[in-house]
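A.B. asks: First the structure, then my questions, so here it is.
The values are calculated or read from the model by the stated rules, or taken from the named source; none is laboratory data. Bear in mind that the values here come from a model prediction, so they are computed numbers and not experimental data. No Cβ is skipped: glycine too gets one built from the backbone with ideal geometry, and neighbour counts run over all protein chains shown. All accessible areas refer to the heavy atoms of the entire protein, side chains included, with ligands and DNA or RNA removed. Shrake-Rupley method; radii C 1.70, N 1.55, O 1.52, S 1.80 Å.
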Amino acid sequence: MTERVPRRSRLRRSALPVAAVVTLAAALLAPAAAAAPTVPPAQAVAASTTVAAAPDIPVANVKAHLAQLQSIATANGGNRAHGRSGYKASIDYVKGKLDAAGYTTTLLTFSYNGSTGYNLIADWPGGDTSHVVMAGAHLDSVTGGPGINDNGSGSAGVLETALAVSRAGLKPTKHLRFGWWGAEEYGMVGSKNYVNGLGATERSKIETYLNFDMIGSPNPGYFTYRYDSALDALFRDYFAGLGISTEQDFEGDGRSDHAPFQNAGIRVGGLFSGADYTKTSAQAAKWGGTAGQPFDRCYHSSCDTSANINDTALDRMSDAIAYAIWTLAAGSTTPPTGTVFENTADVQIPDNGGAVTSDVAVTGRTGNAPAALQVGVDIKHTWRGDLVIDLVAPNGTTFRLKDASGNDSADNVQTTYTVDASAVAANGTWKLKVQDIASQDTGYIDSWKLTF
């Protein structure tokens, strides 16, 4: 991450206007805000295909990449900075892994401060190239240290996720692309060069960019990028499934490689474990670690070595990268096409009461429902963490869309889920079943729809 800009005041998530959150979430047509990764028992509930497919990323593999980056820095003057031999060796290491895994890699060059810089782009074969899901991280360090947390950690997490895609032989609906950026420490030079070098048509094809800059801080926090409400919810729901409450990031505003994409009108999301801001007592109570100390005391220093990593944070965040990639890339193209069946009648949800249902009658279809049935949900509620949401098929098969979570304090559920309903006849009465399992918050089903 680049050096800090003047500090902005920290805002609580609740300070965001509800109308703004609703507008942003409604604008997302891809199934980004999928349910938390806890999957109910198979005999009781049919699981959403995107969540079930996401693999566990072995933290040992991620750490093996970090060990290689440390060795590269040690052999090249103690750093992996732009214009130095350590950076080029780092790019060569990542490229070699991706080439062997079946990616189409492109090494892009640029010039900065009289030195040649490098971006590495890796495309996974297949998927709709007019709908690109991209994840990236900067690979360079500062000149004063090896940069293992900043940002070997994000680079290694993205690399191992890309290799997991290859191991799984993933065949995503959308096209997957990964990027490793040079000269980020000089002001996002590499990523700016990449975005500015895209024509308007190619730029418009990038549907989502996810950025991972520092994901293994030794005194870690769990921060999500707040710029897109649905991408924020995607990560927040994932960590809620692990019993971890996240906070939205303000420390990294404009300081990493998401900024050029965001400035070009591309929606962005990401994760961050903290840099030189100080962990508060409340954050230490929530996440562990030491209050009154920086999230990373070795930020931009020579001690940012392989010893400067929290393995637990690195493991959790690497798994979250994979969860996001599998969820977003397996979603339908935007917007979903096909026949829509919708119920717009309001149904009140009793506070801490019994489940209620809203019906949609599907007629005129032939055979079974699709393997990627789109379930669009619009529920107004003052604490969505209280809600359990199921889709009930005409034959009684139940698909769990969302579990309750005591850590999810945001308002409303406005998203599109994807379920594999291919074993169920399409025609008949489908039900959205919603239950509020805790007291003091109220809401109603505003509308919901099925897209075939």
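A.B. asks: Relative contact order for the chain: what is it in percent, counting Cα pairs under 8 Å that are at least 6 residues apart? If you can, show how the numbers build up before the last one.
C.D. replies: On the way: 1102 pairs, mean separation 95.0, N = 452.
That works out to 21 percent.
A.B. asks: Now for a different question. First select every other residue whose beta carbon is under 13 angstrom from the beta carbon of Leu176; then total the charges, Lys and Arg +1, Asp and Glu -1.
C.D. replies: On the way: positive: Lys171, Lys174, Arg177, Lys205; negative: Asp123, Asp128, Glu207.
Surrounding charge for Leu176 is +1.
A.B. asks: Tell me the per residue accessible area of the chain using a 1.4 Å probe; a whole number in Å² is fine. Walk me through the numbers before you get to the answer.
C.D. replies: On the way: 16430 Å² over 452 residues.
Dividing the accessible area of the chain by its residue count gives 36 Å².
A.B. asks: Something else: Calculated FRET efficiency, Glu202 and Ser422, Cβ-Cβ r, R0 35 Å, to nearest 0.05?
C.D. replies: On the way: r = 34 Å, r/R0 = 0.98.
E between Glu202 and Ser422, to the nearest 0.05, is 0.55.
A.B. asks: Further question: Sequence-distant or interchain residues sharing an amide H contact under 5 Å with Asn368, placed H: which?
C.D. replies: Ala426
A.B. asks: Hey, what number do you get for the chain at 222 nm if only DSSP H runs of n ≥ 4 count, each worth -39500 (n - 2.57), divided across all residues, to the nearest 500?
C.D. replies: Per the formula, -8000 deg cm²/dmol.
A.B. asks: Taking the chain as the reference, fit the longest principal axis to its C-alpha atoms, fit the long axis of helix 229-240 to the helix C-alpha atoms, and give the angle between the two in degrees, 0 to 90, nearest 10.
C.D. replies: Relative to the chain, helix 229-240 is tipped by roughly 90 degrees.
A.B. asks: At 20 °C and 1.002 mPa s, what whole-number value in µm²/s does Stokes-Einstein give for the translational diffusion of the chain, with Rh from the Kirkwood sum over Cα pairs? Write out the running numbers ahead of the final one.
C.D. replies: Numbers: Rh = 22.5 Å.
Translational diffusion coefficient: 95 µm²/s.
A.B. asks: Further question on the same structure: Counting Lys and Arg as +1 and Asp and Glu as -1, what is the net charge of the other residues whose Cβ lies under 12 Å from the Cβ of Thr104? Please list the in-between numbers first.
C.D. replies: On the way: positive: Lys95, Arg177; negative: Asp99, Asp123.
That sum, taken over residues with Cβ under 12 Å, equals 0.
A.B. asks: Here's another thing I want to ask about it. On a 1.4 Å probe surface of the protein chains, which of Glu184, Glu202 comes out largest in accessible area, and what is the full order? Please report the intermediate quantities before stating the final value.
C.D. replies: Details: Glu184 0, Glu202 80 Å².
The ordering from most to least exposed comes out as Glu202, Glu184.
A.B. asks: Carbon and sulfur together cover what percent of the accessible area of the chain at a 1.4 Å probe radius? Before the final figure, lay out the partial values.
C.D. replies: Numbers: 8240 of 16430 Å².
Answer for the chain is 50 percent, counting heavy atoms of protein chains only.
A.B. asks: Take Ile437 and Thr116, extend 7 Å from each Cα along the Cα→Cβ direction, and tell me the distance between the two endpoints in nm.
C.D. replies: Distance between label points: 5.8 nm.
A.B. asks: Right, here's the next one. Under 16 Å between alpha carbons, and skipping anything fewer than 8 positions from Lys205 in its own chain: which lysines qualify?
C.D. replies: Within the straight-line cut-off, Lys205 pairs with Lys174.
A.B. asks: Ordering Trp383, Trp430, Trp287 by how much accessible area each has at a 1.4 Å probe, largest first, what is the list? Working shown, then result.
C.D. replies: Details: Trp383 85, Trp430 0, Trp287 35 Å².
Correct descending sequence by accessible area is Trp383, Trp287, Trp430.
A.B. asks: Give, in nm to one decimal, the length gained when the segment between Asp253 and Ala371 is fully stretched (0.36 nm per residue of separation minus the Cα-Cα distance). Don't skip to the answer; put the middle values down first.
C.D. replies: On the way: separation 118, 0.36 × 118 = 42.48 nm, distance 3.93 nm.
Full extension of this stretch gives 38.6 nm more.
A.B. asks: So, one more: Quick one: of the DSSP bridges fully inside the chain, what percent are antiparallel, nearest 5?
C.D. replies: Working: 56 of 78 bridges.
Of all bridge pairs located within the chain, approximately 70 percent are antiparallel.
A.B. asks: Given the protein chains as shown and a 1.4 Å probe, how many square angstrom of Ser439 are accessible, to the nearest 10?
C.D. replies: Its accessible surface works out to 60 Å², give or take rounding.
A.B. asks: So what is the relative contact order of the stretch 73-199, in percent, for Cα pairs below 8 Å that sit 6 or more residues apart? The partial results should precede the final answer.
C.D. replies: Numbers: 228 pairs, mean separation 38.5, N = 127.
With pairs under 8 Å counted, the relative contact order is 30 percent.
A.B. asks: What is the set of long-range amide H partners of Leu401 at a cut-off below 5 Å, with H atoms built 1.01 Å from backbone N?
C.D. replies: For Leu401, whose amide H was placed from the backbone, the distant partners under 5 Å are Ile389, Asp390, Leu391.
A.B. asks: Using only Cα atoms and rounding to the nearest 10 degrees, what angle (0 to 90) does helix 59-75 make with the longest principal axis of the chain?
C.D. replies: Helix 59-75 sits roughly 20 degrees off the main axis of the chain.
A.B. asks: Could you please put Cys298, Cys303 in sequence from largest to smallest accessible area, using a 1.4 Å probe? Could the numbers behind the result be given before it?
C.D. replies: On the way: Cys298 0, Cys303 50 Å².
The residues order as Cys303, Cys298, largest area first.
A.B. asks: Going by amide H atoms built from the backbone, whose H comes under 5 Å of the H on Gly270, apart from near neighbours?
C.D. replies: Asn211, Tyr225
A.B. asks: Separate question: Please state the charge dipole magnitude for the chain, taken about the Cα centre, from unit charges on C-beta atoms (+1 on K and R, -1 on D and E), reported in debye and rounded to the nearest 20.
C.D. replies: On the way: 35 positive and 42 negative charges, 105 e Å.
In total the dipole reaches around 500 debye.
A.B. asks: Return one number: the angle in degrees, 0 to 90 and rounded to the nearest 10, between the long axis of the Cα atoms of helix 154-168 and the longest principal axis of the Cα atoms of the chain.
C.D. replies: 50
A.B. asks: Rg and Dmax of the stretch 306-412, Cα atoms, in Å?
C.D. replies: In order Rg, Dmax, the Cα atoms of the stretch 306-412 give 18.3, 62 Å.
A.B. asks: Right, something else. How much length would be gained if the chain were fully extended between Thr129 and Asp92, taking 0.36 nm per residue of separation minus their Cα-Cα distance, in nm to one decimal?
C.D. replies: Values: separation 37, 0.36 × 37 = 13.32 nm, distance 2.60 nm.
Using 0.36 nm per residue and subtracting the Cα-Cα distance, I get 10.7 nm.
A.B. asks: Also, I was wondering about something else. For an R0 of 60 angstrom, estimate the FRET efficiency from the Cβ-Cβ distance between Thr280 and Ala361 and round to the nearest 0.05.
C.D. replies: 0.70
A.B. asks: Please turn the phi angles of the stretch 411-419 into ³J(HN,Hα) values with the Karplus equation 6.51 cos²θ - 1.76 cosθ + 1.60 (θ = phi - 60°), one per residue in order, whole Hz, x for glycine and proline.
C.D. replies: 8, 6, 10, 9, 7, 10, 9, 10, 10
A.B. asks: Turning to a different aspect of this structure: Please list 3J(HN,Hα) in residue order for the stretch 274-283, calculated via the Karplus relation 6.51 cos²θ - 1.76 cosθ + 1.60 where θ = phi - 60°; whole Hz, with x for glycine and proline.
C.D. replies: In residue order, the calculated couplings are x, 10, 9, 5, 9, 6, 7, 4, 5, 5 Hz.
A.B. asks: Could you tell me the relative contact order of the stretch 186-338? Use alpha-carbon pairs under 8 Å, at least six residues apart, and round to a whole percent.
C.D. replies: Working: 217 pairs, mean separation 47.7, N = 153.
Relative contact order of the stretch 186-338: 31 percent.
A.B. asks: Let me ask you something else. For the stretch 237-298, build the charge dipole from Cβ charges (+1 Lys, Arg; -1 Asp, Glu) around the Cα centre, then report which of Phe250, Pro260, Gln283 sits farthest towards its positive end.
C.D. replies: My answer, from the dipole projection, is Gln283.
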